[in-house]
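So the structure is just underneath, and the comments pick up after that.
The values are calculated or read from the model by the stated rules, or taken from the named source; none is laboratory data. Here the structure is a predicted model, which means the values were calculated and not measured. Here the Cβ is made from the backbone with ideal geometry for all residues, glycine too, and neighbour counts use every protein chain on show. Keep in mind that these areas ignore ligands, DNA and RNA; they rest on the heavy atoms of the full protein, side chains included. Shrake-Rupley method; radii C 1.70, N 1.55, O 1.52, S 1.80 Å.
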Amino acid sequence: MSSDSSVTVTEAELPKHPVRSPGRAWDLYELAKAHLYQFQVNHSGEDLDLARELFSEAIECEPDTSKKARYLGNLGIVYQYRYNQTGHASDLGAFLDCTQQAKDNIADEFRPAALQNYANALQLRFSQDGDPQDLDECIGAYRDALSLPTVSRPKTCSNLCAALVTRSQLSGSQSDLDEACRVGHEAVSSTDEQHPMRAIFLDSFANALCTQYTRTNSIPDLSESIRHGTAAVSLANEQETQLQAQAEDALGNALLRKYDFTGLPDILDEAVRMYKQALQRKMDATSAANIWNNLGAALQARFELRGSLEDLYNALEAIEKGLRFSTTRIPGHASSLVTLGNVLVRKFERLNLPDTLDQAISVYKEALDMTPETDQLHAGRLSCLGHALQIRFEDSSIQGSEHLSAAIKNLQTAADEMPKYSSTRAMCLNNLGKAYELKFERTQLDNDFDKATKSYKMALDLSPASPMLRVTAGPRILNRADQQDNIATFSGLASIGASILLESGSDCFEALQILELSRGVMSSMLIDARIDTTDLENHDPDLAKEFMALRDQLDSSPNELVKASDELFDSKLDMERRITASKRFNEILDKIRSDDKTNGVFLGPTKDELQSLSESGTIVVINVSFIRSDALIITKDRTWNYSLQDLNQADVLQHAGNYIKTLEQDTPVSRKKTSKSLHSILKWLWDVIVGPILIELGTFGKAQGWPRIWWIPVGLMSIFPLHAAGDHSGETDNNALDRVISSYAPTIKSLSHSRR
C-alpha cells in the first residue's frame, strides 16, 4: 500500500471514535506514522508538521502508559527530523525529552528501539554541546540495548562503535577503541551487501580502524579502513543516502593518514577530492565545519608538498568557511582555530605580511583559552603560540623584546608538559634553543647562551626526532653555525674521502667512486636533492614510488605547527612509525641491491661506463679539500688524476667570498669596480685550475675543432664560472672561452642519465 493510501484509510477510521477516546488515540498514532513515512519518501515539511500534531494529540488521548511511550518515541523521531532541518535547540531538546520518557515507560519488546533512539538523541546533543556526560550516557544506553534479546544487533553495534570511537579520541582510552573495533566488525560481518544500512556499518567500522591505526601504527588496520571506507562511499553514492558526506569525509581522513605514512602525492590528491566531494552534499552545520577544516588541513599539506600559493590560499579559505559553521561549543572548534593559525603562519613566512602573523598569534591564544591545562593538546598549542611569537620577534619590521620573552615562556612550558621522548618535544626544544640564542645575541649573558646550548643538546639527544631535526640542533651546540654551514660541512666529507684515497696511493677510479656515492648520500639526506632513480622507475614504478616516499618520511620531522598541536603525544608511537618505515625501507634497499637491473641506483659507474661517457667530451671533476686538490680526468682512452699544486682550500674560500660579495654589491655606479674584481677572480681560476688542466690535456691554444669539456666541480668550486676563466685584459688569448666548449654537470651519474 502506498503512503498516500495509508493516510486515506487511516483518516477514514477517525470519525468512528470520539475525541480523546483510546481507540481514537491509536488511529491518530497510525495516521501520524503514515504522514511520517510519507515525509521520509517525499521530504514534505507539511507531512512532518502533521505527523507532529497527530502524535501529540494521540499522546493526550492515550491512557495506557506503555502505548503512550511508543507514541513519544515516534514523536521524538519527528523532532529529530525537524532539528536536522532547522538546527533549533528547542527541537533537539524535545527529541531528547520524548525519547527519554519513551525508554523509561515502554514495554520490554519495544525497549531496544527506545534505548537506541534515546542514545541517538544524546549523541546528537554531544556533537553540538560537547558535554562528555551525554556521551557516557549514550554509550550506556547502547550497551543496555545490546543486552536485550530482541535487539537488532547490527544497527546497535554500529551506533555503539561510532560513540566509542568518539570517546576514545577524547580520552585516549584503548579499551573503548578495542570494543569499538569488535562491535564494528560484528555489524559488518553479520550483514550482506543487500542490507539497507550496510553503508553505515562499513563507515563506522572503517572509522574505528583508522583511529586504531593512529594508536598502533598497524598498516593492515589502515589498509582495511580504506577498503571498508571505499566500499561505504560507493554504496552510499549508489543508494544516494544522507550518509554520503560522512562516508566521504571519513575516507578522506584515512587517505590523509596514508599520505602521512607513504608521502605519495596521488593519495593526498584523492583525500582532497573526497573532502571536496563531501562538501557538495547536504549536511548539518557541525559536519560542514569539520569537513571544511579537514579540507583546509589537506590543502595545507599539499602546499607543503608542492609549494603552490593557490593551495595555501584555498586552505585558508576552507578553514575560515569551517569556522563560520562552527561555534565554541563544538568539540573541534579549538582544533580548527589551531589549523587556521598554522596556515596563517605559513602565509606570513611565504609573503611576509605582519598582520597575518598577528592574526595567527591571536587565534592560537583563542584556542589555548578553550583548552584546559590538563588536556593532552595543551602543550602542542603552547608550542605553536611560542613558535609564532618567536617568528614575530625575528622579523625586523615588528621586533620587540616582549615577544621573545613570551615565546620563551610558552616554549619552555610546552617542553615541560610534553612526554620526555616525544619527537614533537625535540622540535619544541630546538625552537626553544633558537629563542634563547636570539636572546643571547641581545644580552650577551652566559646564562642565556647556556640555556640555548642545553635546549639544543636535549633536542639532539632525543632519539625519536628526525635526523634532519637533530642535524640542525647539533651544530648550534658546537659552533652556533647556521644549518647551511652544517650541510656544507657534511657535503665536504666526500671531498676529504677522495683526497685521502689519492694521498694514500689509490687510483683515480676509486676516488671518483667515493665522490659519486658520498655526494649522493649526503645530498639525499641533507639538502633535499635526490639520487637518480630512473633505473628503478623504469623497472618497477610502484617500488620506486614507495622507495622515494619512505626515504622522505625517514628524514622528515612532524610539521612543527600541525603535528605539534592537535595529535596526542605518544613517543612510543613516534618510534614505532619510524621503525616500521625503516624496516620496510631496508627491505626495499635489499631488493634493489640484489637486482642487477636496479642496483645502479646506488652503485657508481664502472670504468667502462666512465670512459664511454667521455666520447662526446672530456670529463673533469675538480675536488678540493684541506688535504690536497685534484682534477680527476676522464677521456675515452684513460682515467687519471692531475694534482693542482697551486690550489688550496683557504684560497677557494677567500675567492668564493669575494666573488659572491662582488655580485651582491654590483650596481651601475660600481660597475667598473665589479669588472676589476671579476677579472682578478677569472685570472686566478685560469692560473691555478683551468690553465694547468688544459695544458695537461694538450690544449695549448686556439684550434679549428674546439674540444668539449664537461666540468664537474665539487662543493664550493661549483659556484665559480670555470668556462670564463682566463686573462681578459686583451693582451693574451689565455682564456677558456677561446680554447674549449664548456658544459657542466652536478655528478657523473646525472651526466649519464642526461644522455639517455
**Q.** Separation in nanometres of the label points that stand 7 Å from Cα toward Cβ, at Lys591 and Glu317
**A.** 4.1
Q. Which FRET efficiency value, to the nearest 0.05, do you get for His679 and Glu510 by plugging their Cβ-Cβ distance into 1/(1 + (r/R0)^6) with R0 = 35 Å?
A. 0.35
Q: Would you mind calculating the gained length between Lys365 and Asn352 on full extension (0.36 nm times residue separation, minus the Cα-Cα distance), in nm to one decimal?
A: 2.6 nm
Q) If you take the square roots of the eigenvalues of the alpha-carbon gyration tensor of segment 322-458 and sort them as a ≥ b ≥ c, do you get rounded (a/c under 1.5), prolate (a/b over b/c) or oblate? A) oblate
Q. Using a basic spin-label model with each label point 7 Å from the Cα along Cα→Cβ, how many nm lie between Ser218 and Asp266?
A. 2.7
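Nearest 0.05, what FRET efficiency do Leu170 and Ile627 give at R0 = 51 Å with Cβ-Cβ as r?
0.25
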Q) Ignoring any ligand, DNA or RNA, what whole percent of the accessible area of segment 177-218 comes from carbon and sulfur when the probe is 1.4 angstrom? A) 52
Q | For Tyr744, residues with placed amide H under 5 Å, excluding near neighbours | A | Trp711
Q) Which length gain, in nm to one decimal place, applies between Leu148 and Ser612 when the Cα-Cα distance is subtracted from 0.36 nm times their residue separation? A) 158.9 nm
Q) Separation between the Asp733 and Arg306 pseudo-spin-labels, each 7 Å from Cα along Cα→Cβ, expressed in nm? A) 5.3
Q: State whether segment 316-357 is rounded, prolate or oblate according to the following rule on the C-alpha gyration tensor (a ≥ b ≥ c being the square roots of its eigenvalues): a/c under 1.5 gives rounded; otherwise a/b larger than b/c gives prolate, and the remaining case gives oblate.
A: prolate
Q. Which length gain, in nm to one decimal place, applies between His195 and Glu238 when the Cα-Cα distance is subtracted from 0.36 nm times their residue separation?
A. 14.2 nm
Q | Peptide ranges 359-367, 498-506 listed from the most packed, as the mean C-beta count within 10 angstrom indicates | A | 359-367, 498-506
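Determine the shape class of segment 29-121: with a ≥ b ≥ c the square roots of the Cα gyration tensor eigenvalues, call it rounded for a/c under 1.5, and otherwise prolate if a/b is greater than b/c, oblate otherwise.
Working: a/c = 1.77, a/b = 1.28, b/c = 1.38.
Oblate is the answer for segment 29-121, as a/c is 1.5 or above yet b/c matches or exceeds a/b.
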